[in-house]
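Asker: I have a structure here, written as C-alpha cells, and I will follow up with some questions on it.
The values are calculated or read from the model by the stated rules, or taken from the named source; none is laboratory data. Note that this is a predicted model, so its numbers are computed, not measured. Neighbour counts run over all protein chains shown; Cβ positions are idealised from the backbone, glycine included. Note: areas computed on protein heavy atoms with side chains; ligands, DNA, RNA excluded. Shrake-Rupley method; radii C 1.70, N 1.55, O 1.52, S 1.80 Å.
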Amino acid sequence: MSEFIVKKDVKNLHHEGEKLISTHCCYCGMQCGMHIRVNEKTGAIAGVEPRYDWPVTLGKMCPKGVTAYQTIDHEERITKPLIKKDGQFVEASWEEALDLIEKNYKRLQADYGKDALSVFGGVSMTNEKCYLVGKYARVGLGTRFVDYNGRFCMSSAAGGFMKTLGTDRGSTLPWPELEHTDCFFMSGTNTAECHPTTIQWLWKARDKGAKMIVADPRETPTARIADVHLDLKAGTDSALANGMMHLLIREGYVDHEYVSERCNNYEDLKKSVEPFTPAYTAEITGVSEEKILKAAHIYGQSPRSVVMFARGVEQQAKGVDNVTLYTSMALLRGQIGKFAAGVATFTGQGNGQGGREHGQKSDALPGYRKIDNPEHVKYVSSVWGIEPEEMPKAGVSAYEMFDEIQRGNIRSMHVICSNPAVSAPNNEYIWDGFNKLDFMVVSDFFLSETAEFADVVLPVTSWAEDEGTTTNLEGRVIRIRKVKDPIGESQPDWEIINRITERMGKKEHFGYENVQQIFDEFRLATKGGKADYYGITYDRIDNEEGVFWPCPSEDHPGTPTMFKEKFDTPDGKANLPSVPWHEPDEVPTDEYPVTLTTGRVVFHYLSGTQTRRISFLNEKCPEPFVEMHPEMASQYNLSDGDEVKLTTKRSSMKLDVKLTKAIRSDHVFVPYHWGKELSVNLLTNPALDPTSRMPEFKVCAVKIEKV
Ligand SMILES: Nc1nc2c(c(=O)[nH]1)N[C@H]1C(S)=C(S)[C@@H](COP(=O)(O)OP(=O)(O)OC[C@H]3O[C@@H](n4cnc5c(=O)[nH]c(N)nc54)[C@H](O)[C@@H]3O)O[C@H]1N2
Ligand SMILES: Nc1nc2c(c(=O)[nH]1)N[C@H]1C(S)=C(S)[C@@H](COP(=O)(O)OP(=O)(O)OC[C@H]3O[C@@H](n4cnc5c(=O)[nH]c(N)nc54)[C@H](O)[C@@H]3O)O[C@H]1N2
Ligand code: SF4
Ligand SMILES: [Mo]
C-alpha cells in the first residue's frame, strides 16, 4: 500500500494513534488537498483534515468534501457482484458474473458484429482508469461505440478552446495567480456553490481592489458578491459576448499589438460584432444597457483580467460558439499567456480534465489524438500492440448511443462510473434504451438508478481504496492515494477490465499487475500528443506539488502558464471566429411560456448517488424544488411550498415551489441531483451542439400548473 504521511504538520493536525494519508477530495475539479485520518492499529478511517499546505486550496474544503470519507465504508456499498434473476438482484461470485458477461458478449458479437457492444465511461476515475476505458472498448472489445459523461460536462469547452487556442487545457493559468488578478469576468459559473474553494482567491484579489462581473439568470451566491450582475436570459450568451466585444472595440480597449501579432481574423470579428450595440444586446439578453456598459468599462480598463465560465455557458446547443466568443474577449484584451490573466473554464468532475484527454471520447485517442487521423492511429496502435487497421473508427456521442440502441445497432452497454438514468437529458428515452438492451453491465460502488437497469452489477473500489493520478481544473497532475484495503469483494476498475478482456482473448494487451504499470503505458501513449504527460512521474508529482501538462520529458518543468509565446495552432496564432446570434433550440411559446434552467446546489454532487447517502448533506437539502420569482408566483397564484406540475415537450413532473427574488421573473430553476420521478432530466431538451454534441441542459421551455 503506497502511503504518504504528512510532511509538514502546519496546524498540528496529528492525533495520537492515527496516521494522516494525503490525497484529494473525490468530487469536483478543485481536487482540494486533504489528509485522511486512519487508525494505526485497526486501519479504520476516522475522518479528514484539510491540507493547509496544498497550494491550490490552502486548507479550505466544502461540506461535500469534509463528509466524502463517509462514502468509503458506507453500509450501502456493493460488496459482491450482483446478477439479476427474475427481476431481482442476487449476490453472485466473480466467476459467475464474469461467465455471464463472457457468454453474452461473445454471443452478441457473433450475432450482430463487434459494434453490438458499447462502453459508457465517466471521469470520476483516475487518469489510469480513464485511459483504460478507451483501450478496453477499442482493443478489449473491438467496438467503436465508446463515449462518456464528460460529453455532458466539458465537451463544449473543449470544442471552443480547440477552435480558438488550438488545445484544450481548462485553465491557461495556475490558480494561486488569481490573487493578483484585477478583474474577473465570470459567466454561467456558480463558483461559490460549485467550486467553493476558489472563492478564497477571489476574496484575496478583491482585498487588493479587484472587480467581479457575473453573468447568470440567477443572483447566485457568486453573483451576489459581484460589482455587476448581468442577469441575462438563459441561452443568450453569444449576444452578450458579441455585445461586450462591440464595446471593447468601440471604446478603444483592444490590445492591438497583441491582436495583430498573435491572432487571426480580427477584421472579420470586428465586422460581425458591429450590430451588437448596447441597445440590441440589451434587447436580446434582457440585461439593461447601463449594466452592459458598466461591465465593458470595468473589464476593458483592467490591466490583468481572467474570463471564467462553466456549464451555464457550455450546456447549450450553441455551447462551443459561446466558449469561442468568451475566449475571444480575453484575446482582444491581450490577456492569454500572461501572469494572473487568461481564460478558464471550471472543470466539473474530479478528473474532468484528465478524463477528457485520453480516449474515452468516441473520436479521441490518448494525448488528445484523433481517431480519424491515420498518423495518430498508427502511433497509438503501436503502443497498444495492434495493427492500425484493427483500430475501430469513430463512434457516436453519449446521447446518440441511445439512438443506436433504438436502431438495434447497440445491443449491450457497460456503464463504468456514470449514472445516465439521472444525468442524461430526456430521461424517459434513456430508460427505454436501457430496457431495450439485450444485456447490460454496470460498474459502480453504489446501486445507482442506472445500476438498477443492469443484468450484472460489478462492485468497484472507491476513490480511497486504490491509487492513481488525476488532473485538476488548472491542468495540474496530482496523486490520489490508497487509504485502505477494498471493502468486501470490490475490485478496482482496471482489474475488472483485466478480467473481462482476458475472457475476450485479449490478455496480452491488458493483464496489468499494478497501477504504476498502467501509468507508464499511459505516459507513453500520450507522448507527442497535445496533452503530453510523458515527463510526469509519481515521484515528480510528490516532490513538485503536482506537475502541469504539457510535460514532454522528465527534465521539462511542466507548463503552469499556457501559450506564453504561441498558440497550439498550425501558425501559432489564436483564432477569433465570428459567431452570429442564434436563439436557443427551444424558446418560450404560448403553450410553454417559461424558460427552465437546471444546475446544482452546494450540498449535492451530480446525480446524487453519493451525496444523497450522506445524512448531513441530505438533511440540508432532502429534495429538489423549483426556484421561482414572487412576481411569477403571483401570476400563477402560488405561495412558497405549493406544489406545481412542470411540463415540457418531453414529459412532466411535480415539485414544490421555492420563492426567491434571486432569479429572473421569466425563468425557473431546478437542481438535478435526484432520480426517477424527481429527476428534472425528465424535462430537459436533448438538442445537441453541432460540434461538441453537448445537450442543451441549460435552456428549455416549460408550462407551469398549480396542482
Ligand atoms: N455542489 C456541487 N459542486 C459541483 C458539482 C455538483 O454537482 N455540486 N458538480 C461539478 C461538476 S461535474 C460541474 S460540471 C460543475 C458545474 O459548475 P457550474 O457550471 O458553476 O454549475 P451549474 O449550477 O450547472 O451552472 C452554473 C450557473 O449557470 C447559470 N445559467 C443557467 N443558464 C445560463 C445561461 O444561459 N447563461 C449563463 N451565463 N448562465 C446560465 C445557472 O443559473 C447556474 O447558476 O460543478 C462541479 N462542482
Ligand atoms: N439537468 C442537468 N443534467 C446534467 C447537468 C446539468 O447541469 N443539468 N450536468 C451534467 C454534468 S456537467 C455531468 S458531469 C453529468 C454527470 O452525471 P453522472 O455521470 O451521472 O455523474 P455521477 O452522479 O457522478 O455518477 C457517477 C457514478 O459513478 C460512481 N463512481 C464514482 N467513482 C467511481 C469509480 O471510480 N469507478 C466506478 N466504476 N464508478 C464510480 C458513482 O457512485 C456514481 O453512481 O451530469 C450531467 N447532467
Ligand atoms: S467538492 Fe470540490 S470544493 Fe468541495 S471539498 Fe471536494 S474538491 Fe473541494
Ligand atoms: Mo460536469
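Asker: List the residue pairs whose Cβ atoms are under 6 Å apart, where the first residue sits in segment 179-195 and is in the same structural domain as residue 213 (by TED's automatic domain parsing), the second is basic (Lys, Arg) and not in a strand (DSSP E or B), and the two are 6 or more positions apart or on different chains.
Answerer: Once the first residue is in the same structural domain as residue 213 (by TED's automatic domain parsing) and sits in segment 179-195, its partners that are basic (Lys, Arg) and not in a strand (DSSP E or B) give 179/204; 181/304; 182/304; 194/600.
Asker: Can you tell me which residue is surrounded by the fewest Cβ atoms within 10 Å (Cβ to Cβ) among those in segment 516-548 that are in contact with a helix residue (DSSP H, G or I) (Cβ under 8 Å, 6 or more places away or on another chain), touching a residue at least 60 places away in the same chain (Cβ under 8 Å) and of a type in the set (Phe, Trp, Tyr)?
Answerer: 538
Asker: Looking at segment 20-66, which of the residues that are among the polar types (S, T, N, Q) and open to solvent by less than 20 Å² (accessible area, probe 1.4 Å) is nearest to residue 610 (Cα to Cα)? I'd like the intermediate steps shown before the answer.
Answerer: Filtering segment 20-66 for residues among the polar types (S, T, N, Q) gives 22-23, 31, 39, 42, 57.
Then drop every residue that is not open to solvent by less than 20 Å² (accessible area, probe 1.4 Å), which leaves 22-23, 31, 57.
Details: 22: 21, 23: 19, 31: 16, 57: 23 Å.
Ranking the qualifying residues of segment 20-66, first place goes to 31.
Asker: Is segment 182-201 home to any residue that is charged (D, E, K, R), within 23 Å of residue 332 (Cα to Cα) and crowded, with 23+ Cβ neighbours inside 10 Å?
Answerer: The answer is no; no qualifying residue exists.
Asker: Of all residues in segment 657-687, which are outside any loop (DSSP other than H, G, I, E, B) and within 16 Å of ligand 4 (Cβ to nearest atom)? Steps first, please.
Answerer: Step one: filter segment 657-687 for residues outside any loop (DSSP other than H, G, I, E, B), giving 657-659, 663, 667-671, 676-678, 680-682, 685-687.
671, 680, 681 - these are the residues of segment 657-687 that are outside any loop (DSSP other than H, G, I, E, B) and within 16 Å of ligand 4 (Cβ to nearest atom).
Asker: Can you tell me which residue among 82, 98 is away from ligand 2 (no atom under 15 Å from the Cβ), modelled with pLDDT of 95 or more, closer than 23 Å to residue 450 by Cβ and buried (at least 19 other Cβ atoms within 10 Å of the Cβ)? Explain how you work it out, then say what you get.
Answerer: Details: 82 fails: away from ligand 2 (no atom under 15 Å from the Cβ).
Going through 82, 98 in turn, just one is away from ligand 2 (no atom under 15 Å from the Cβ), modelled with pLDDT of 95 or more, closer than 23 Å to residue 450 by Cβ and buried (at least 19 other Cβ atoms within 10 Å of the Cβ): 98.
Asker: Hey, another quick one. All but one of (1) within 30 Å of residue 703 (Cβ to Cβ); (2) within 16 Å of ligand 4 (Cβ to nearest atom); (3) of a type outside the set (Phe, Trp, Tyr) hold for residue 585; which doesn't?
Answerer: (2)
Asker: Contact list please: Cβ distance under 7 Å, first residue in segment 229-247 and among the β-branched types (Val, Ile, Thr), second residue open to solvent by less than 10 Å² (accessible area, probe 1.4 Å) and near ligand 1 (Cβ under 10 Å from one of its atoms), pairs at least six apart or on different chains.
Answerer: Taking only residues 6 or more apart or on different chains, the pairs are 236/285.
Asker: What number of residues in segment 654-673 are open to solvent by less than 10 Å² (accessible area, probe 1.4 Å) and away from ligand 1 (no atom under 12 Å from the Cβ)?
Answerer: 2
Asker: Still on this structure: Being among the aliphatic types (A, V, I, L, M) and assigned to a strand (DSSP E or B) is the filter here; which residues of segment 599-649 pass it? Step through it out loud before you land on a result.
Answerer: Initial filter on segment 599-649 (among the aliphatic types (A, V, I, L, M)): 601-602, 606, 614, 617, 626, 628, 632-633, 638, 644, 646.
If the condition is that a residue be among the aliphatic types (A, V, I, L, M) and assigned to a strand (DSSP E or B), then 626, 628, 644, 646 are the ones that fit.
Yes/no matrix, rows are residues, columns are (1) open to solvent by 10 Å² or more (accessible area, probe 1.4 Å); (2) in the same structural domain as residue 208 (by TED's automatic domain parsing); (3) not polar (S, T, N, Q):
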residue: 323; (1), (2), (3): no, yes, yes
residue: 333; (1), (2), (3): yes, yes, yes
residue: 339; (1), (2), (3): yes, yes, yes
residue: 350; (1), (2), (3): no, no, yes
residue: 376; (1), (2), (3): yes, no, yes
residue: 388; (1), (2), (3): yes, no, yes
residue: 395; (1), (2), (3): yes, no, yes
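Asker: Of 567, 616, 603, which residue is more than 16 Å from ligand 4 (Cβ to nearest atom), surrounded by fewer than 21 Cβ atoms within 10 Å (Cβ to Cβ) and hydrophobic (A, V, I, L, M, F, W, C)? Lay out the reasoning, then the answer.
Answerer: Details: 567 fails: surrounded by fewer than 21 Cβ atoms within 10 Å (Cβ to Cβ); 603 fails: surrounded by fewer than 21 Cβ atoms within 10 Å (Cβ to Cβ).
It is 616.
Asker: Could you check segment 279-297 and list, in sequence order, the residues that are within 13 Å of residue 185 (Cα to Cα) and surrounded by fewer than 19 Cβ atoms within 10 Å (Cβ to Cβ)?
Answerer: Listed by number, the residues that qualify are 294, 297.
Asker: Determine whether segment 221-230 contains at least one residue that is assigned by TED's automatic domain parsing to the domain that holds residue 290, closer than 24 Å to residue 332 by Cβ, surrounded by fewer than 24 Cβ atoms within 10 Å (Cβ to Cβ) and acidic (Asp, Glu).
Answerer: Among the residues of segment 221-230, at least one is assigned by TED's automatic domain parsing to the domain that holds residue 290, closer than 24 Å to residue 332 by Cβ, surrounded by fewer than 24 Cβ atoms within 10 Å (Cβ to Cβ) and acidic (Asp, Glu), which makes the answer yes.
Asker: May I pose another question? Mind checking whether some residue in segment 153-161 is open to solvent by 10 Å² or more (accessible area, probe 1.4 Å) and within 16 Å of ligand 4 (Cβ to nearest atom)?
Answerer: If we filter segment 153-161 for residues that are open to solvent by 10 Å² or more (accessible area, probe 1.4 Å), which is where we start, we get 153, 159.
Filter again for within 16 Å of ligand 4 (Cβ to nearest atom), leaving 153, 159.
So far as segment 153-161 goes, yes, one or more of its residues are open to solvent by 10 Å² or more (accessible area, probe 1.4 Å) and within 16 Å of ligand 4 (Cβ to nearest atom).
Asker: So, in segment 303-318, exactly how many residues are of a type outside the set (Val, Ile, Thr) and within 18 Å of residue 171 (Cβ to Cβ)? Give the derivation first.
Answerer: As a first pass, look at segment 303-318 and keep what is of a type outside the set (Val, Ile, Thr): 303-305, 308-312, 314-318.
In the following step, the residues that additionally are within 18 Å of residue 171 (Cβ to Cβ) were identified as 304-305, 308-312, 314.
Matching residues across segment 303-318 total 8.
Asker: Only one of 695, 630 is closer than 23 Å to residue 189 by Cβ and either in contact with a strand residue (DSSP E or B) (Cβ under 9 Å, 6 or more places away or on another chain) or touching a residue at least 12 places away in the same chain (Cβ under 8 Å) (or both); which?
Answerer: Values: 630 fails: closer than 23 Å to residue 189 by Cβ.
Going through 695, 630 in turn, just one is closer than 23 Å to residue 189 by Cβ and either in contact with a strand residue (DSSP E or B) (Cβ under 9 Å, 6 or more places away or on another chain) or touching a residue at least 12 places away in the same chain (Cβ under 8 Å) (or both): 695.
Asker: Among the residues in segment 122-141, are any under 19 Å from residue 502 (Cα atoms), away from ligand 4 (no atom under 16 Å from the Cβ), assigned by TED's automatic domain parsing to the domain that holds residue 436 and not in a helix (DSSP H, G or I)?
Answerer: The answer is no; no qualifying residue exists.
Asker: Kindly evaluate residue 116 against the criterion of being of a type in the set (Gly, Ala, Ser) and within 15 Å of ligand 2 (Cβ to nearest atom). Working first, answer last.
Answerer: Working: of a type in the set (Gly, Ala, Ser): yes; within 15 Å of ligand 2 (Cβ to nearest atom): no.
Answer is no for this residue.
Asker: Please work out if residue 644 is touching a residue at least 24 places away in the same chain (Cβ under 8 Å), crowded, with 16+ Cβ neighbours inside 10 Å and either within 30 Å of residue 462 (Cβ to Cβ) or of a type in the set (Gly, Ala, Ser) (or both).
Answerer: Working: touching a residue at least 24 places away in the same chain (Cβ under 8 Å): yes; crowded, with 16+ Cβ neighbours inside 10 Å: yes; either within 30 Å of residue 462 (Cβ to Cβ) or of a type in the set (Gly, Ala, Ser) (or both): no.
So residue 644 fails the test.
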